[in-house]
Amino acid sequence: MKIAFIGLGNMGEPMARCLVAAGHDVTGFDPNSSPNGVSCVPYVQDAVANVDVAITMLPNGDILRAVASEIHPAMKKGGVHLDCSTVDVDSARNVAQAAENAGLSSVDAPVSGGMGGAANGTLTFMAGGPDTAIATVQPLFDVMGQKFVHCGAAGAGQAAKICNNMILGATMIATCEAFALADKLGLDRQSMFDVVSTSSGYSWSMNAYCPASGIGPNSPSDNAYTPGFSAELMLKDLRLSQQAAEAVDAETPMGARAMQLYTDFVEVHGMGNMDFSAMLPYLKSTSRK
Ligand code: NAD
């Protein structure tokens, strides 16, 4: 397939490499990067001319909207804009409408799995968009990922992503505060893990990504909380979930509290570059208010 890949950062670069390795004809564009192994051009319009699929992997919804307005007029009719960034649901729907107006179709397909998943082609894609466009991009999901779920119409992929990450943020905090409490109660961390990971308190945060070092499978806590998934990105996703909840008047008290705690963690304590599971040493170091 002839593909443009726009946004060659931590995620985009390895994803583009996977597509090149699978034999696709990939042209990249990023104002700040032109990695080896992906053939790049200096203007975004040149990257998308005559492509079947233009993939974007960008920091936020404002940048996505700006890039969409540049690339849609330059794409051939019938092409697909596949956005894999994590952005607000409104931007995803707005870009889908803009694509339709330009005679294109679009899919919003944010990912889960992080930089490791991007490098190994094992991401999970959660996709929103029409069946025909999904059918076009599915072979690309198969190269860059190991699982994909078609969640519904435009915006459904972003909706699924922020709901998942709202659960993740809240359960990580709950797991960390339980370890901090267990420590202060004199409970051995391994015993805590052995009980909770096989009892009703189990979760992905406890079982697969344990925030306590030396316990459970290898995770960022075993590597001095080097991300993994940074607290800054978790905060971004929690903010997106609260923005969406406000827009549709959904009561999300745990999500709102998780956002406050990660806001303090990142903005007051400057921990944005740490893994989001570093909430454990932070909670342990604070006193009850
Ligand atoms: P990043 O900041 O490393 O990469 C973004 C890239 O976009 C940068 O290289 C930047 O130069 C480029 N860019 C900015 N403006 C541009 C423009 N106008 N045109 C073209 N390129 C432009 O971010 P990332 O970690 O690769 O994340 C990308 C997206 O994936 C984000 O939406 C993020 O929330 C999401 N995500 C990241 C992870 C992760 O673990 N890093 C996991 C899941 C989802």
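The values are calculated or read from the model by the stated rules, or taken from the named source; none is laboratory data. Remember, it's a predicted structure, so these values are computed and weren't measured experimentally. Counting neighbours? That spans all protein chains shown, and the Cβs are built from the backbone with ideal geometry, glycine included.
Residues in segment 225-261 that are loosely packed, with under 15 Cβ neighbours inside 10 Å and among the charged types (D, E, K, R): 4 in all. Residue count for segment 65-110 under the criterion of being within 21 Å of Met1 (Cα to Cα) and β-branched (Val, Ile, Thr): the result is 3. The lone criterion from (1) closer than 18 Å to Gly103 by Cα; (2) in contact (Cβ under 8 Å) with a residue 60 or more places away in the chain; (3) not β-branched (Val, Ile, Thr) left unmet by Cys18 is number (1). Hey, could you check segment 52-65 for residues that are within 13 Å of the ligand (Cβ to nearest atom) and among the hydrophobic types (A, V, I, L, M, F, W, C) and say which is surrounded by the most Cβ atoms within 10 Å (Cβ to Cβ)? Of everything passing the filter in segment 52-65, Ala54 is surrounded by the most Cβ atoms within 10 Å (Cβ to Cβ).
Has segment 57-65 got at least one residue that is β-branched (Val, Ile, Thr) and part of a helix (DSSP H, G or I)? Yes.
Among the residues of segment 66-90, those identified as farther than 19 Å from Pro31 by Cα and within 11 Å of the ligand (Cβ to nearest atom) are Thr86, Val87, Asp88. Residues in segment 23-48 that are more than 9 Å from the ligand (Cβ to nearest atom), small (Gly, Ala, Ser) and either at pLDDT below 95 or in contact with an Asp or Glu (Cβ under 7 Å, 6 or more places away or on another chain) (or both): Ser34, Gly37. Applying the condition of being touching a strand residue (DSSP E or B) at 6+ places or on another chain (Cβ under 6 Å) and farther than 26 Å from Ala156 by Cα to segment 187-243 and asking which residue is farthest from the ligand (Cβ to nearest atom) yields Tyr225. Quick check: is even one residue across segment 171-184 crowded, with 19+ Cβ neighbours inside 10 Å, within 16 Å of the ligand (Cβ to nearest atom) and either within 24 Å of the chain's Cα centre (by Cα) or farther than 22 Å from Glu267 by Cβ (or both)? Scanning segment 171-184 turns up at least one residue that is crowded, with 19+ Cβ neighbours inside 10 Å, within 16 Å of the ligand (Cβ to nearest atom) and either within 24 Å of the chain's Cα centre (by Cα) or farther than 22 Å from Glu267 by Cβ (or both). The set of residues from segment 1-55 being polar (S, T, N, Q) and part of a loop (DSSP other than H, G, I, E, B) comprises Asn10, Asn32, Ser33, Ser34, Asn36, Asn50. Cβ separations smaller than 6 Å between residues 6+ apart or across chains give the following pairs from segment 156-182 residues that are of a type in the set (Gly, Ala, Ser) and at pLDDT 95 or above to residues that are more than 15 Å from the ligand (Cβ to nearest atom) and in a helix (DSSP H, G or I): Gly169/Ala258; Ala170/Met254; Ala170/Ala258; Ala180/Leu283; Ala180/Lys284; Ala182/Met192. Look at segment 110-129: where a residue is closer than 20 Å to His81 by Cβ and a partner is among the polar types (S, T, N, Q) and not in a strand (DSSP E or B), sitting 6+ places away or on another chain with Cβ atoms under 6 Å, you get Pro110/Thr86; Pro110/Gln158.
Looking across Tyr225, Tyr262, Tyr209, one residue alone is in contact (Cβ under 8 Å) with a residue 40 or more places away in the chain, in contact with a Leu (Cβ under 8 Å, 6 or more places away or on another chain) and either of a type outside the set (Gly, Ala, Ser) or not in a helix (DSSP H, G or I) (or both). It is Tyr262. Selection of segment 1-22 for residues being farther than 18 Å from Gln146 by Cβ and either out of contact with any strand residue (DSSP E or B) (no Cβ under 9 Å at 6 or more places or on another chain) or within 6 Å of the ligand (Cβ to nearest atom) (or both) yields Ile6, Gly7, Leu8, Gly9, Asn10, Gly12. Scanning segment 107-135 for residues that are more than 10 Å from the ligand (Cβ to nearest atom), assigned to a helix (DSSP H, G or I) and in contact with a Pro (Cβ under 7 Å, 6 or more places away or on another chain) turns up just one, Ala119.
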